[in-house]
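The values are calculated or read from the model by the stated rules, or taken from the named source; none is laboratory data. Keep in mind that what you see is a predicted model, and the values were worked out from it rather than measured. Positions of Cβ are generated from backbone atoms using ideal geometry, with glycine treated the same way; all protein chains shown enter the neighbour counts. Only protein heavy atoms, including side chains, enter the accessible area calculation; ligands, DNA and RNA are left aside. Shrake-Rupley method; radii C 1.70, N 1.55, O 1.52, S 1.80 Å.
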Amino acid sequence: MITDVKTRVRNALLSNETLVSLLGGKHIYQLVAPEAHRYPRIEFFEVTNLDRYFADDRAYASEVIIQIDVWSKESTSSISGEVDRTMKEHGWGRTLATDQYEKDVQVYHKSLRYRTVLLETE
């Protein structure tokens, strides 16, 4: 199993200077942001990481699904667009995109899911 996927995703997103600018800094976190009141921000997590493509009684690839959540007091469109462009440039395919509004904190929330298959040698 490839276990460094979260590091790869974070580094890919941080490499997008436009995205970092839209966020007002490197506000991209695995699972939970340290400052829950800071907007806009991105939180992401690994949904699944499954063995795929077997040979000689072992898997030689991992199928991975990542969810990326964009949180903002304003529209999430620009940030989500940059996330989408970055993920696709790195070989991920989008499988889900949903818009939500969190009434209790009055924040726009866009959930994006991406899927890829990574070979053990990658």
- line: Here, trypsin sites (Lys or Arg not before Pro) of the range 1-43 satisfying both criteria (DSSP loop; at most 13 other Cβ within 10 Å) are 26
message: Just to be sure I understand the curve: with the Debye formula and one point per C-alpha of the range 20-68, what is log10 I(q)/I(0) at q = 0.19, 0.21, 0.23, 0.28 Å⁻¹?
response: -0.67, -0.73, -0.80, -0.99
query: So how tilted is helix 5-14 from the main axis of the chain? Cα-based, degrees 0 to 90, rounded to 10.
result: 40 degrees
message: Running a GNM on the chain with Cα contacts under 10 Å, which residue among 83, 47, 105 ends up with the highest mean-square fluctuation?
response: 105
The chain - share of DSSP beta bridges that are antiparallel (%, nearest 5): 90 percent
field: Only Lys, Arg (+1) and Asp, Glu (-1) charged, at Cβ; the chain dipole about Cα centre in debye
entry: 300 debye
field: Most to least accessible of 99, 4 (protein chains only, probe 1.4 Å)
entry: 99, 4
statement: Only helices counted: for the chain, with every DSSP H run of 4 or more residues adding -39500 (n - 2.57) and the sum spread over all residues, [θ] at 222 nm is -7000 deg cm²/dmol
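Evaluate E = 1/(1 + (r/R0)^6) for residue 36 and residue 74, where r is the Cβ-Cβ distance and R0 equals 22 Å; express this FRET efficiency to the nearest 0.05.
Values: r = 18 Å, r/R0 = 0.80.
For R0 = 22 Å, the calculated efficiency reads 0.80.
I'd like to check one number: the per residue accessible area of the chain, probe 1.4 Å, reported in Å² as a whole number. Could the numbers behind the result be given before it?
Working: 6980 Å² over 122 residues.
With all protein chains present, the chain gives 57 Å² per residue.
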- request: Rounded to whole Hz and in sequence order, give me ³J(HN,Hα) for the range 46-63 from the Karplus expression 6.51 cos²θ - 1.76 cosθ + 1.60, θ = phi - 60°, writing x for Gly and Pro.
  value: 7, 7, 9, 8, 10, 5, 9, 6, 9, 8, 6, 6, 8, 6, 10, 8, 10, 9
Filtered GluC sites (Glu not before Pro), the range 49-85: DSSP coil and at most 15 other beta carbons within 10 Å: 74
Where the Cα pairs of the range 12-122 fall when distances are cut into 10 Å bins, in %: 14, 43, 28, 11, 4, 0
field: Full-extension gain in nm, residue 105 to residue 117, via 0.36 nm per residue minus C-alpha separation
entry: 0.7 nm
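Note the full-extension length gain between residue 21 and residue 48 as 0.36 nm times their separation in residues minus their Cα-Cα distance, in nm to one decimal. Walk me through the intermediate numbers first.
On the way: separation 27, 0.36 × 27 = 9.72 nm, distance 2.96 nm.
In short, 6.8 nm is gained.
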